[in-house]
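Asker: Pasting a structure here, questions to come.
The values are calculated or read from the model by the stated rules, or taken from the named source; none is laboratory data. These numbers come from a predicted model, not from an experiment. Cβ sites come from the backbone with ideal geometry, for glycine too, and all protein chains shown count toward neighbours. Note: accessible area is taken over every heavy atom of the protein model, side chains too, but ligands, DNA and RNA are not part of it. Shrake-Rupley method; radii C 1.70, N 1.55, O 1.52, S 1.80 Å.
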Amino acid sequence: MELAIYNIQGQDTGRKAELNDQVFAIEANEHAVYLDVKQYLANQRQGTHKSKERSEVSGSTRKLHKQKGGGGSRIGDINSPVLVGGGRVFGPRPRDYRFKLNKKVKQLARRSALTTKVQENQIKIVENFSFDAPKTKEFIKFAKNLEAEGKKILLVLADQNKNVYLSARNVPNANIITAKDLNTYVVMNSNAIIITEGSLDVINNL
């Protein structure tokens, strides 16, 4: 598969980028994408949620009234979950939400995501570039030239570029990532993916 290569002015350079069909032209597996996105989001969770249970609530442990003969329902101490201010039944406890996903499933998910985005014409290849200094205005101009203004932009670079990163930092819905860190979630969460020519060597072997 081949895609046109653009410059930062949004003009077609007349050259073509070779995309690996094993990465960009497979039969997309939606379930693999679902599992990988689910794992990514689960790994972001801190899992530090906690509510106080009956034994942890501050209050007297004295039985409020006798068990029988009062004409009312049975009741224990003031910490009972059925009373206002009592403990919570089966409340959340700290836990780890992470789970394991096989490497081949994650690879299939990444390739499925990239294939889907190519089919939807949401991927563009651009020449390697940099900015002389961090300028948000320059990045906005760059996005406009590539018809990505106002969209969820994912810019994939071959290596870290401080000036490009700082230029995009204040642009809403713009995400900068290196090719080796590319994952299913960021691909699926974008609708304008701009891949630099230099990062294709890594992506074609994902």
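Asker: Could you tell me which residue of segment 117-141 is least open to solvent (accessible area, probe 1.4 Å), considering only residues that are assigned to a helix (DSSP H, G or I) and out of contact with any helix residue (DSSP H, G or I) (no Cβ under 8 Å at 6 or more places or on another chain)?
Answerer: I140
Asker: Also, quick follow-up: Scan segment 3-17 and tell me whether some residue there is surrounded by 13 or more Cβ atoms within 10 Å (Cβ to Cβ), in contact with a Phe, Trp or Tyr (Cβ under 6 Å, 6 or more places away or on another chain) and in contact (Cβ under 8 Å) with a residue 24 or more places away in the chain.
Answerer: Yes, segment 3-17 contains a residue that is surrounded by 13 or more Cβ atoms within 10 Å (Cβ to Cβ), in contact with a Phe, Trp or Tyr (Cβ under 6 Å, 6 or more places away or on another chain) and in contact (Cβ under 8 Å) with a residue 24 or more places away in the chain.
Asker: Out of A174, A158, report the one residue that is over 19 Å from A17 (Cα atoms), among the small types (G, A, S), open to solvent by less than 50 Å² (accessible area, probe 1.4 Å) and out of contact with any Pro (no Cβ under 9 Å at 6 or more places or on another chain).
Answerer: A174
Asker: Step by step: first the residues of segment 20-68, then only those that are more than 23 Å from the chain's Cα centre (by Cα) and hydroxyl-bearing (S, T, Y), then the one that is least open to solvent (accessible area, probe 1.4 Å). Which residue is that?
Answerer: S51
Asker: Let me ask something else about it. Return only the number of the condition from (1) closer than 27 Å to A148 by Cα; (2) assigned to a loop (DSSP other than H, G, I, E, B); (3) polar (S, T, N, Q); (4) open to solvent by less than 40 Å² (accessible area, probe 1.4 Å) that N79 does not satisfy.
Answerer: Result: N79 fails condition (1) only.
Asker: A further question follows. Can you tell which of N145, N121 is over 11 Å from I8 (Cα atoms) and over 19 Å from the mean Cα position of the chain (by Cα)?
Answerer: Of the residues listed, the single one that is over 11 Å from I8 (Cα atoms) and over 19 Å from the mean Cα position of the chain (by Cα) is N121.
Asker: In segment 149-206, what count of residues is obtained for those that are touching a residue at least 40 places away in the same chain (Cβ under 8 Å) and within 19 Å of the chain's Cα centre (by Cα)?
Answerer: Counting residues in segment 149-206 that are touching a residue at least 40 places away in the same chain (Cβ under 8 Å) and within 19 Å of the chain's Cα centre (by Cα) gives 21.
Asker: Pick from V186, V105: which is at pLDDT 95 or above, under 20 Å from A25 (Cα atoms) and either touching an Asp or Glu at 6+ places or on another chain (Cβ under 8 Å) or exposed (fewer than 15 other Cβ atoms within 10 Å of the Cβ) (or both)?
Answerer: V105
Asker: Looking at the structure I just gave you, is F99 closer than 14 Å to I195 by Cβ, assigned to a loop (DSSP other than H, G, I, E, B), open to solvent by 20 Å² or more (accessible area, probe 1.4 Å) and not polar (S, T, N, Q)?
Answerer: Answer is no for this residue.
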